[in-house]
Each structure stands twice: as structure tokens, then as C-alpha cells.
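Contents: one structure, followed by commentary.
The values are calculated or read from the model by the stated rules, or taken from the named source; none is laboratory data. Model, not experiment: these values are computed from the prediction. Heads up, the Cβs are rebuilt from the backbone with ideal geometry, glycines too, and the neighbour counts pull from every protein chain shown. Areas reflect the complete protein model, heavy atoms only, side chains present, ligands, DNA and RNA absent. Shrake-Rupley method; radii C 1.70, N 1.55, O 1.52, S 1.80 Å.
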Amino acid sequence: MDALCGSGELGSKFWDSNLSVHTENPDLTPCFQNSLLAWVPCIYLWVALPCYLLYLRRHSRGYIILSHLSRLKTVLGVLLWCVSWADLFYSFRGLVHGRAPAPVFFVTPLVVGVTMLLATLLIQYERLQGVQSSGVLIIFWFLCVVCAIIPFRSKILSAKAEGEISDPFRFTSFYIHFALVLSALILACFREKPPFFSTKNVDPNPYPETSAGFLSRLFFWWFTKMAIYGYRHPLEEKDLWSLKEEDRSQMVVQELLEAWRKQEKQAAQHKASAAPGKNASREDEVLLGARPRPRKPSFLKALLATFGSSFLISACFKLIQDLLSFINPQLLSILIRFISNPMAPSWWGFLVAGLMFLCSMMQSLILQHYYHYIFVTGLKFRTGIMGVIYRKALVITNSVKRASTVGEIVNLMSVDAQRFMDLAPFLNLLWSAPLQIILAIYFLWQNLGPSVLAGVAFMVLLIPLNGAVAVKMRAFQVKQMKLKDSRIKLMSEILNGIKVLKMYAWESSFLKQVEGIRQGELQLLRTAAYLHATTTFTWMCSPFLVTLITLWVYVYVDPNNVLDAEKAFVSVSLFNILRLPLNMLPQLISNLTQASVSLKRIQQFLSQDELDPQSVERKTISPGYAITIHSGTFTWAQDLPPTLHSLDIQVPKGALVAVVGPVGCGKSSLVSALLGEMEKLEGKVHMKGSVAYVPQQAWIQNCTLQENVLFGQALNPKRYQQTLEACALLADLEMLPGGDQTEIGEKGINLSGGQRQRVSLARAVYSDADIFLLDDPLSAVDSHVAKHIFDHVIGPEGVLAGKTRVLVTHGISFLPQTDFIIVLADGQVSEMGPYPALLQRNSSFANFLCNYAPDEDQGHLEDSWTALEGAEDKEALLIEDTLSNHTDLTDNDPVTYVVQKQFMRQLSAVSSDGEGQGRPVPRRHLGPSEKVRVTEAKADGALTQKEKAEIGTVELSVFWDYAKAVGLYTTLAICLLYVGQSAAAIGANVWLSAWTNDAVADSRQNNTSQRLGVYAALGILQGLLVTLSAMAMAAGGIQAARVLHQALLHNKIRSPQSFFDTTPSGRILNRFSKDIYVIDEVLAPVILMLLNSFFNAISTLVVIVASTPLFAVVILPLAVLYTLVQRFYAATSRQLKRLESVSRSPIYSHFSETVTGASVIRAYNRSRDFEVISDTKVDANQRSCYPYIISNRSEAASLSPCSSRNSQQALWCSGSLSLLSPKQKTGKLAPPCP
């Protein structure tokens, strides 16, 4: 480099330490300024260019029109290119006139000029690719400005010292260059307009990050608008942003599904390739080894394939942050040497303190981006897993349903999916912790020599302990999850049968069952918590013990080894870095064991058998037929005997076919076989056309009556009106408070059995399908209503006339009107044919008629009563069915029938007079042509109230209630133990500081044994106090979990029936699954983390103020700023967390509803629609999750300059104040911060 700069005009050395280091007025040589300093931005741009061009080619967003901003940027780039070429031509001019400039004056203008031309072309290429804000160019212009600041100062000082400008042209051209790059930097900070051909975003609340500039993304400024709004007004769901396209459930779940299917395909191929080997000879097996075990699809590999790129980006941020964390100890070593050297220039100290502050700020900012990426990745984990489980639940076989209840599958979606989200922030510790440990040991070796090997040996001894703890924790986790599944399963059954439970007063017995399971669960949690607390002692003491053992070996292995300030403080700083990965290892082990259990459970569920979509052939069929079965044999599970066998059935198009037979003969199984719900062992099933299905137990959604009938189809008023009339629902609409807009509770809780069945039938009628499978729809209604439905819907004169209808029934009065009858017995077709032909055979059909004739005769008696009443009483009969809650065939007592009729008339009279306590029931006839009014005031018919989020600050009573649940004495003891732990930590650091300041005689320190012994005692005391506090928190947390779960359980069990009628079961299950999980396993560790951070901050402030009292002046404004920023962000993040909790319950409610009605959903071919509904509900939950993550990151980025926890501002201020104080440069230093 000297050859490049040392000859010719204005030549100089490349480096001069007397000019740049050992002086009170430092400066860089002209050669250094004109060469390396000018080349740094150019090197950066050329290195980054290939990767950036590849990125732009793959992420084109359409071009941006040439705006005034783009023109101005281009003009500045061209001017910079001209200035560089002017410098180059000026150097050639000097060469021509005999003044030979140094070679650097030719090379640098050429390099800078070409780079400026490249930057100008890149501006236009970015515009053509739709880049609104370029981070690459902003960093380039920033480097240009920073590297030009030193020449800016140097040229002014040189001109001032010499009294004149030695080279006016280069002096002028440089300042023009500086003004242009500064202007380019300012312009680069402004965003361009959106791309010209980009899709127009009509969303009222688009995600602002997609259009944010580089600086806005870097410092999370794009979140500020929501933070301001959330500070002024409580956030509501309508205020939340929409999700980015790549974050939506549809995209995330689809990617994970494809990766999982690829794993399943690879496993199937592996199984198929291993199959021919089963015929290999015994000799081959001996020679080649045992047969390879069949490979199972790996859900972990599917997760890595889907989210590996996001994980890799976060790993890059983590790597940079880890490397930056080791810079401050090196700078601290330089600062200590500076303070110990009275002759050192004062600017050294300010420079080192500034570098420490800048390094800490960069480290904090990169850490926030790392957390941003990793938390978003964790949220995608949860979203993908929930979506995959939902889709799997729609296609599992009935044998799997028997083994997995709704509550257990809800646990997979709530608890197990959440475990992966909780694991995400710790995943990078798998490689980051070893890296930090290796680097810390390397730098400790540089500082203390081979003595550090003693500490390394101690850490190696801890590895077997880690393994034993991990195995034990995993065993506890497996047992706990089984108990949790049992508890949620029992709670789901209680909620499903709560009406029966209350009618029989069984609350206390079921309470005992739930509390018995809960007791076992808490016992496991208590044991695991105590084990975790015990290992906490080991891990809290391990960094200190490593420090202690290393220092002990260092001072005793050689009497001449002196523990001075530099060795002690730098070593403690490195040991503090080492403490983080060692302290996080217990949490990592705990989360890994929990996630491994959840992974096994999810993988096992996803590997279960699915219904075969090809079991029913829907494309081809024999001409003239709608349904055919040839030699069909069906079973409900592979391990069960066949339920139906040797079936040969052919149903012509448009026929009305009745399926009859004794109870348990397989009538409902036949319908399920036609739907593909059973496992086909033999034969073929053909069914051509769309299908509508009415199950024996009506499935009703938690939505309005109209939505239940439409079932996703568009509203056709005429067809809708005809459907309601045919299904005898008009009288019901008159009685319901909101008409057809009345909200129906979960499982039709506010409808009678007859109403539910008629709504289910209306759904089928409105679907206008080709084939109708009716599984005994008339059993839940009275006989007169059954006759009305058959005449107007199912029969030859009904609205379904001409459609193919398969009717399972016990009503023999309808059989003469059917086209032909299928008689089942013991899972086989015993007879089949028209009604007259079957009567003549006098076989099993005749026996069936004999068995059901008495009931039918009584039904005819009821029909005679109906016939005597006339047209007006016909409506009364329908209203009677509306008010009845029974699901039996009919009430066969004619006397009871007369009493009911009299009661109906009295009710009608009271209602018409307006004297009833309830809502009046108008009795009027609706003509066939009258349209059903769609009630505007839907709220009047709402049954389920939407869960509302609290607003404002969290009330102190909430914290007080939890403290009481933990135990007031336990809470006080925990706080006192942490106070003692902080005092011990401060004492240990003060003692170490005093040790380093001991006088040195004959290159030795006195009282080494005493110093080491007291230091060891204080460190072990600190570990014991932390362990005691952890054990106290574990005991208090389990006590709180027991008390709060017991209070919740007793409160819900004793709630009135109206509460369960108006509250979705998913919302209640959410309280008992996710919220109880938070209380059990999340809240106590978070409180410990809060206490640890709080007392660490207090300890840091105490140490700094004790060493530099002048810093107390800085504390007050920092504390005020910290409090204001925290209050500003806390309002928004708190409300976002509430909205997230409220939006979680509908996911589980919808899931429970879907699993219950999966057969109906599949029959109507609406699986895809329900997947979209589930994705929409998950996205509604994510709309609050994403801003919550960003709010924490934005708050941390804003607080990092004033956070005493991170100590950036504290470091700079205390360092600067110590430099200004003459007494500080005596070699005696304050104790290090804890």
C-alpha cells in the first residue's frame, strides 16, 4: 500500500501510528483516506451485488413508473460518476504536465466512478423490479457518508493549519462528492410509489410491513401507528391488520400438507421396496443382516422442509448477535488498560466507551430481529399444525374416532401445537449454546491460560446429568399428557351431557372424577417442578462454579499468577456470556422433552387410517340406476367382524326405496356404506349424482336457522320458502324470537328433537341433490308431523318426487307408497321388492309388519284425532311438536293426547291475549306465496353472546387473586429470597473487585485463600437462594393451579343450564385446556423470569451508582423515559393479548362442531368449505398474534437505548463519567455489574 501511495505528488505512508494513535489530536494519513477508506463502500456493493440481483430476479413485483424521486436519485448518481471521472482526468492532466500523482489518485477515482455508475444502474433496475425502498443502497450511501466524515474533518484541519488550500480542485471535488452522497442517502430513505401493475389492495387494514421502507422495517417504526391508536383507544378486532399472503393459514397449511404427503409417499415407497425382500432366503438374511424396519413418515422432517428457510434466516441473525456479544469483553479489556495507563490520550476512553455503546445497540437491534423471525416461525408452526390436524380429523375412519375423542383431538390443537410455538425461541440454542461456550472458553484461554480447562472439565461432567434429567422429564411429560387427555375427554363428555347430568343431580360424582384426574396431574406437575427447581441449583451454580474452579486453579497452579483487574473483569464478563447458554439449557431440555412428546402424539394421529375416497365409485354406473352395490361386504373397523355382507342392491333413478328391518340389522350401516363411511372389504359401490344426507341424530350448527338450512348455498327465496313449508317449519319461525335469523345454540340446544330433525331435513331438501339418503328422519317427530313430512317432502307427491330417495323407516303406514322395499336381517338383504309382492311372500317382511303393527294401529288412532280437528288444529299440532322436547316415535296414549290438545288451546288463548309471561305467539296462517321475512334485527334472535375482551389496565385484584392462590406467605418468601440472591450477587462482585485491588508483593497477592473462600461462599449462597425461590415458586404455582382449577370447575358445574345453552362448549374447553395449561406450566416460570430481570436491573443500578455516584443524575431521566415508553406500548400489547385469547375459543368450538358432523359435511361434499372456515377463524386469531409479537419487538427496540437491563446507555454514561473523573484513572475499578 505504501508503494501505491508513497511516490509522486501528495504521496504519504499508508499508516502512521504517531499521527493516528499516539496523539491527542488523531487523524488518518491521506493515503489511508484516499485508498481503503474510499474503497470500503465500493467493496460492500460489489460483494452484495450477485446475491441481491438473484433476489431481485426471483421477487419481481412489477415495475414502478419513473417518478420525480427516481429521476432525482438517478441524477445524483450520474453527478457522482462525473465527479469521480473529473478527479481521474485531473490526475491525468497532472501527469501530462509533469506532476506525477500517486497511483492511488488514478485507482480510487476509477473504482469509485465505476461503483457510482453501478449504483445508478441499480436504482433503475430496482425500479423495474418494483422495489420501493432499497436496503442495499441505503447501507451503501450510509457507508459512503461515514467514510467521508474523516476526510471531511481532515481537510478542514489541514487547511486551517496551513492557512491555505494545497489542492483546490480535489478539495472542491471532495466536498461536492460529500454533499451528493449525503443527498443520495437522504433521498434513499424515502419510499417509491407502489408498482404500476401490482394487485390493488382493497383491504381497509393492509399489513403495513409489506409497504414499509427499509429504515421503518429496521427499527419497527411501521408499528408506531397502531401503538399510538392503541394508546389512545382500546383496540378492537376491526382495528387489526390483515395478514400477509404468505402468513395466511391457507398458504402455511398447504405447504406443510405437501411436505407431509411427500413424507407419506416416501414411507410408502420404502415399504413397497422392502416388500419383495420377504421371500429372501435365510442365508441372505444372515449375510445381509436383519431386514430394514419399515420407515414411518416423519412429521419433524415435514416441519423442517416447510419452515427451514425461516429458521435459517433467524439463525443468521442469532449468529451475528452471538459474535457481537464477544466484542464488548475485548473492548472492556482495552478500556481497563486505558484507565490503568495515566499517559494514554483521553480520546481513547471516549472512543472505546462509544464503541461499547454502539456494539451493544447493534447487538440489541439484531436480537430483536432474531426474535421477530423466530416468534413468527413459531406462530407458523402452530398455524400449520392446527390446520393439518383439522384436515386429518375430517377424513379419519370411525375406528380412529373410537380411539380419539373430540377432547383429545382438541388437546392436539391447543396444547401440543402450542408446545411447538413455545419451543421455537429455544431451537437455535441447539447450535448457538455450543458456539457461545466454545468461543467463551477460547477467549478465557487467551486470558487465563490452561486453567480454564478445569472449568471445561466441570461442564463436561454436567452432560450425564442433563441426559438423566431429560429422560426423567420426558417420562413425566408422557404421563401428564395422558392425564390431561383424560381430563379434557371427561370435561367434553360432561359438557355434551350437562342437561342429563343436572336432571339427575350427578354434579358431585362427576366433580370427584375430574378432581381425581386433576390430583394425579398436579402430583406429576409437582414432581417435575421440584426436579426442575433442583436442576436450577446446578445450572445457577454451574457458571459460578466454573468461574470459581478456573480462578482457583489459576491462582494456585502458579504463585506468580496475579488476579489483576483486567483478568478478573474480562473473565467475569466472559463468564457472564457463558452463563446465558448454561442457564437456558434446563429450559431447552424441558421444552425439547415436551415438544418430543407432542411430536410423537401428532405424528401418531396424522398416521392414522383415513377413509378411502375411492370406496364409492361416482363416475360410472349402470344405465338407468342411481345406486348399485355388487357383492358388498362392509365393516366399521378392520379388527371387527363385517357388519354388512353379500349385499346386491340396485336402485333405479327417481325411485323411492324404503329400508326396513329389526333394530340392529344394519339399516344405518347401509346408509353409511353408501356414503363411504364404512371400510369396504369386498365388492363395488356405484352412486351417480350429488348426495343429500339426513342422519338419524340431527346435526345442527351453531348459527342461524337460515344458515343451517342453506348450508353454504346462495339464498333462493322461492325455493327457501317452499322448503320451509314442506318441512313444517313456518309455525316454528313464528315462535322463534328472531324468525329464521334466530341463532341456534350448539347441537341445536334451543330446539326440540322434532325441530332439529325438520331443520336437518330442510337442509337436504334445499340442497336440491340428485340422491337423498334419509336415515329414519320421521322417528323424532310425532305421527301427524311425520305424515305431513312424508306427504309434502318424501312421498310420491312431495317436493322430492322424481329424486332418488333411500328412506330408512319403522313406519309401516308409508311403505305402500314406496316403489320397492329392502328388508335387512343380520346384515344381509333378506327380501327386496314392491310392497304387494312382499306381503304375498309371508316371510321376514311379514314378521316385521307383525312386530310394528300395534304401534301403527295406535298411530292410526292419532291420525283419526287429527282428522277431526280441521285445518286450524293442524297448525296447533305442528306447534305442539315445536314445544315438545321428546325424541320418541310418538305418545301413544289418546287420553294424554286430549290433555295436550287442551293445553295447547289454553296457551294459544293466553298468548293471543298478551297475558302470558313469555313472548306472545301470534297464530296466523302463512300463505304459500308469502315470502319469509329476513329479520333485520338479527341481534334479537342471537343466542350465543360473542366473547368480549376486557379493556384498560389489568386490575390489581387479578394480581392479588393470584398471589392469594399462591399463598401470601409464599409470595413474600419468594420476593425476600430474590432480594437475598441479589445481595449475594452484589457482594460476590464487590468482593472480587476488592480482591483485584489487593496489593501485590513480590509478584504475589496475599490472603488468596481467604478471598477465594469468601467468594465461593457468596456464590454458593446465591445459588441456594435461587433454588429455594424456585422451589417456593413451584410449590406456590402448583397450589395456585389447584385452587384456580377447582374454583373454575365448581363454578362451571354449578352454572345454570341457560349458561351452557348460550356458551359454546369450545369456549369452555378453551378455559380448561389452554388457559389451565398457562397457569400450570407457563405462568410460574414467567414470574421467575420477571423477578430475575427486575432484581438484575436493580443490582446493576446499585453497582453503577456505588462506583460512579455522578451517574445517579442520569438515572432519573432514564427511568422517566423508560416508564413512558413502557406505558405507551403496554396498552397496545395488553389489548392485543386479550384479543388473541378471545379469538382462540371459536377455533375449538368450530373444530368440535366439525368433528361431530364430519359425516354430514362429507356427504354434502363441503369439506373444503369447512377447511376455509377453520382457516378463517385461525387467521382471525393470528391477526392479533402477529401485532402482539411486533409490539414486543418494537417496545424492546425503543427501550434498548434506555434499558438498564441491557446497559447500553448505562455503559456509555458511566464510562464517560468515569473518564471525566480524574480519580478514576488510578488503576482501582468498581465491581462488575451482575
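Please verify whether Leu462 is farther than 30 Å from Ala259 by Cα, part of a helix (DSSP H, G or I) and in contact with a Pro (Cβ under 9 Å, 6 or more places away or on another chain), treating the condition exactly as stated. Judged against the criteria, Leu462 is not a match. For Arg337, the test of being of a type outside the set (Val, Ile, Thr) and either under 30 Å from Gln608 (Cα atoms) or in a loop (DSSP other than H, G, I, E, B) (or both) is failed.
Screening the candidates Lys499, Lys472 for the property of being in a helix (DSSP H, G or I), more than 25 Å from Phe1060 (Cα to Cα) and either at pLDDT 80 or above or open to solvent by 60 Å² or more (accessible area, probe 1.4 Å) (or both) yields one hit, Lys472.
Selection over region 798-847 of residues that are in a helix (DSSP H, G or I) and of a type in the set (Ser, Thr, Tyr) gives a count of 3. A single member of Leu511, Leu524, Leu490, Leu501 is among the aliphatic types (A, V, I, L, M) and farther than 17 Å from Ile1068 by Cβ, and it is Leu524. The criterion of at least 1 residues that are among the basic types (Lys, Arg) is met by the following helices (runs of 4 or more DSSP H) wholly inside region 11-127: 36-58, 68-96.
Selection of region 1157-1169 for residues being closer than 15 Å to Tyr693 by Cβ and within 25 Å of the chain's Cα centre (by Cα) yields only Ser1167. Looking at Ala1084, Ala1158, just one residue is buried (at least 16 other Cβ atoms within 10 Å of the Cβ) and in contact with a Gly (Cβ under 7 Å, 6 or more places away or on another chain), and that residue is Ala1084. In the set Ser492, Ser486, only one residue is in contact with a Gly (Cβ under 6 Å, 6 or more places away or on another chain) and crowded, with 17+ Cβ neighbours inside 10 Å; that residue is Ser492. The C-beta contact set for region 415-434 (first residue more than 24 Å from Tyr1077 (Cα to Cα), second residue of a type in the set (S, T, N, Q) and open to solvent by 30 Å² or more (accessible area, probe 1.4 Å), distance under 9 angstrom, 6+ apart or interchain) comprises Leu429/Gln587.
Checking Asn18 against (1) free of Cβ contacts under 8 Å to residues at least 12 places away in the same chain; (2) surrounded by 14 or more Cβ atoms within 10 Å (Cβ to Cβ), which single condition isn't satisfied? Evaluating Asn18 over (1) free of Cβ contacts under 8 Å to residues at least 12 places away in the same chain; (2) surrounded by 14 or more Cβ atoms within 10 Å (Cβ to Cβ) leaves (2) as the failure.
Just one of the listed residues (Leu522, Leu531, Leu548) is assigned to a helix (DSSP H, G or I), open to solvent by 30 Å² or more (accessible area, probe 1.4 Å), of a type in the set (A, V, I, L, M, F, W, C) and out of contact with any Cys (no Cβ under 8 Å at 6 or more places or on another chain), namely Leu531.
Among the residues of region 55-96, those that are β-branched (Val, Ile, Thr), open to solvent by 70 Å² or more (accessible area, probe 1.4 Å) and farther than 19 Å from Leu182 by Cβ comprise Ile65, Val96.
The lone criterion from (1) open to solvent by 50 Å² or more (accessible area, probe 1.4 Å); (2) over 30 Å from Glu237 (Cα atoms); (3) in a loop (DSSP other than H, G, I, E, B) left unmet by Pro204 is number (2).
Do we find a residue being over 15 Å from the mean Cα position of the chain (by Cα), under 30 Å from Ile327 (Cα atoms) and not hydrophobic (A, V, I, L, M, F, W, C) anywhere in region 453-465? Checking region 453-465: at least one residue is over 15 Å from the mean Cα position of the chain (by Cα), under 30 Å from Ile327 (Cα atoms) and not hydrophobic (A, V, I, L, M, F, W, C).
Among the residues examined, Leu19 does not qualify as modelled with pLDDT of 90 or more and touching an Asp or Glu at 6+ places or on another chain (Cβ under 9 Å). If you go through region 673-705 and keep only what is surrounded by fewer than 23 Cβ atoms within 10 Å (Cβ to Cβ) and assigned to a helix (DSSP H, G or I), you end up with just Leu675.
Among the residues that make up region 573-586, is at least one of them among the charged types (D, E, K, R) and more than 19 Å from Thr1027 (Cβ to Cβ)? Checked region 573-586: no residue is among the charged types (D, E, K, R) and more than 19 Å from Thr1027 (Cβ to Cβ). Of the residues making up region 815-869, those that are open to solvent by less than 40 Å² (accessible area, probe 1.4 Å), hydroxyl-bearing (Ser, Thr, Tyr) and at pLDDT 80 or above number 1. Looking across region 613-647, the residues that are of a type in the set (Gly, Ala, Ser) and in a loop (DSSP other than H, G, I, E, B) come down to Ser615, Ser622, Gly624, Ala637. Exactly one residue out of Asp27, Asp2 is open to solvent by 70 Å² or more (accessible area, probe 1.4 Å), at pLDDT below 85 and either more than 42 Å from the chain's Cα centre (by Cα) or within 24 Å of Ala179 (Cβ to Cβ) (or both), and it is Asp2.
Of all the residues in region 344-361, those that are in contact with a helix residue (DSSP H, G or I) (Cβ under 6 Å, 6 or more places away or on another chain), free of Cβ contacts under 8 Å to residues at least 60 places away in the same chain and in a helix (DSSP H, G or I) number 3. If you check Ala655 against the conditions, is it crowded, with 19+ Cβ neighbours inside 10 Å and within 30 Å of Thr818 (Cα to Cα)? No.
In region 285-327, how many residues are at pLDDT below 85 and either open to solvent by 80 Å² or more (accessible area, probe 1.4 Å) or within 19 Å of Leu606 (Cα to Cα) (or both)? Result for region 285-327: 10.
Put simply, of Asp648, Asp612 the only residue that is open to solvent by 60 Å² or more (accessible area, probe 1.4 Å), assigned by the TED database to the domain that holds Ala673 and not aliphatic (A, V, I, L, M) is Asp648. Just to verify a result, which residue in region 1121-1143, among those that are among the aromatic types (Phe, Trp, Tyr) and open to solvent by 40 Å² or more (accessible area, probe 1.4 Å), is nearest to Val954 (Cα to Cα)? Only one residue fits best here, namely Phe1128. Residues in region 395-424 that are of a type in the set (Gly, Ala, Ser), more than 20 Å from Ser590 (Cβ to Cβ) and open to solvent by less than 10 Å² (accessible area, probe 1.4 Å): how many? The number of residues fulfilling the criteria is 1.
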